[in-house]
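The values are calculated or read from the model by the stated rules, or taken from the named source; none is laboratory data. Computed from a predicted structure; not experimentally measured. Cβ placement follows ideal geometry from the backbone for every residue including glycine, while neighbour counts extend to all protein chains displayed. Remember, those area values only see protein heavy atoms, side chains included, never the ligands or the DNA or RNA. Shrake-Rupley method; radii C 1.70, N 1.55, O 1.52, S 1.80 Å.
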Amino acid sequence: MSAPSADSARDALEALRQEIAKAVVGQDAAVTGLVVALLCRGHVLLEGVPGVAKTLLVRSLAATLELGTKRLQFTPDLMPSDVTGSLVYDARTAEFSFQPGPVFTHLLLADEINRTPPKTQASLLEAMEERQVTVDGTPRALPEPFLVAATQNPVEYEGTYPLPEAQLDRFLLKLNVPLPPRDAEIDVLTRHAEGFDPRDLEAAGVRAVAGSEEIEAARTAVAKTSVSAEVTGYIVDICRATRDSPSLSLGVSPRGATALLATARAWAWLMGRDYVIPDDVKAFALPTLRHRVQLRPEAEMEGVTPDSVINSILAHVPVPR
């Protein structure tokens with residue numbers, strides 16, 4: 001069989017978003033973010049209060065993809081080897097063999113990642129950045145595509161461990177999953193009253209509509225999406241402005257700038273264009289940058305948020321014409 005074309009890959013990813021909507025109501029922005037992360041070979045951090053369908057969203061994404069998926073519930077007693085795998089002694093052969101952990105999959109749902117201590121959180125660093133796991137000095141490659149979709153409750157809740165900056169920077173996007181508006185919440189209750197079971201996505205009609213071939217074809221097309229020198233300069237100016245902001249003690253690094261470039265290109269391609277415009281940059285500035293900045297304590301006490309700082313920067317940085 002021939003490889004799918006860029007147009008058919010785009011159609012498959014659009015169908016993927018429609019399939020997820022059969023199970024998840026009112027979270028279109030989060031669905032779009034997950035699709036963009038797939039195209040950019042990135043990872044996603046979903047944050048929201050309990051009960052806003054974070055886990056259901058990732059499970060629905062897995063159901064629409066013909067890819068392997070595993071779910072790992074992060075708890076305070078979880079060990080790094082429970083994530084990556086470990087060497088197991090075989091008495092019959094008198095040798096140690098490697099038993100892969102749940103990270104060896106295409107789509108890993110890291111549920112409530114901030115409920116496990118930093119030592120276990122750090123076990124994902126190599127997997128997310130290098131796409132391999134090293135045990136006993138031997139590197140083992142992870143399957144491709146590989147996406148970590150982690151959920152977390154806000155750090156104000158008891159029993160959580162805030163993710164360190166090095167871990168946060170490994171996530172391409174941080175997507176806030178808000179409480180749904182009234183109409184969407186009514187739709188959720190109506191579906192449940194009619195028999196919807198979030199544990200049975202097949203009964204809800206969610207089906208697989210894309211696989212690794214479509215994702216690879218889409219990634220190839222995204223890589224050909226052109227970016228003008230003016231738009232590149234616009235991205236750099238936004239990121240440099242975060243470093244000079246009086247409200248921030250930590251601005252966006254060059255890695256953050258390349259992440260914004262990647263997400264803008266993916267969004268431009270999904271919108272049917274082979275070139276990036278400033279609106280593409282604006283569309284993904286918040287989810288790409290909000291977790292890469294750090295507020296000064298005095299700004300935080302005044303109610304300033306990372307989103308408000310980034311929105312202010314977007315309003316003041318000159319837009320190329």
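Per residue, what volume in Å³ does the Cα convex hull of region 94-246 take up? Walk me through the numbers before you get to the answer.
Values: hull volume 39.7 nm³, N = 153.
Dividing the Cα hull volume of region 94-246 by its residues yields 259 Å³.
Across the accessible surface of region 1-72, with the other protein chains kept in place and a 1.4 Å probe, carbon and sulfur atoms take up 50 percent. The peptide list 310-318, 6-14, 260-268, put in order of mean Cβ contacts within 10 Å with the highest first, becomes 260-268, 6-14, 310-318.
From the alpha carbon centroid of region 111-140 to that of region 217-282 is 28 Å. Quick check for you: which residues of region 132-147 have the amide N under 18 Å from the point 7 Å beyond the Cα of Phe96 toward its beta carbon? From region 132-147, the list is 133-141.
When the helices in the chain are scored as -39500 (n - 2.57) per DSSP H run of 4 or longer and the sum is shared across all residues, what 222 nm value do you end up with, to the nearest 500 deg cm²/dmol?
Details: 14 runs with 142 residues, N = 321.
Here the helix-only value at 222 nm equals -13000 deg cm²/dmol.
Distances between every pair of Cα atoms in region 178-300, grouped in 5 Å steps from 0 to the bin holding the largest one, split as 2, 10, 14, 13, 12, 11, 13, 12, 9, 4, 1 percent. Taking the centroid of alpha carbons for each part, region 13-85 and region 300-321 are 28 Å apart. Measuring nothing but how far apart in sequence close Cα pairs (under 8 Å, 6+ apart) lie, relative to its length, region 234-310 scores a relative contact order of 33 percent. For Tyr275, the residues whose modelled amide H falls within less than 5 Å of its own, excluding neighbours fewer than 5 places apart on the same chain, are Ser226.
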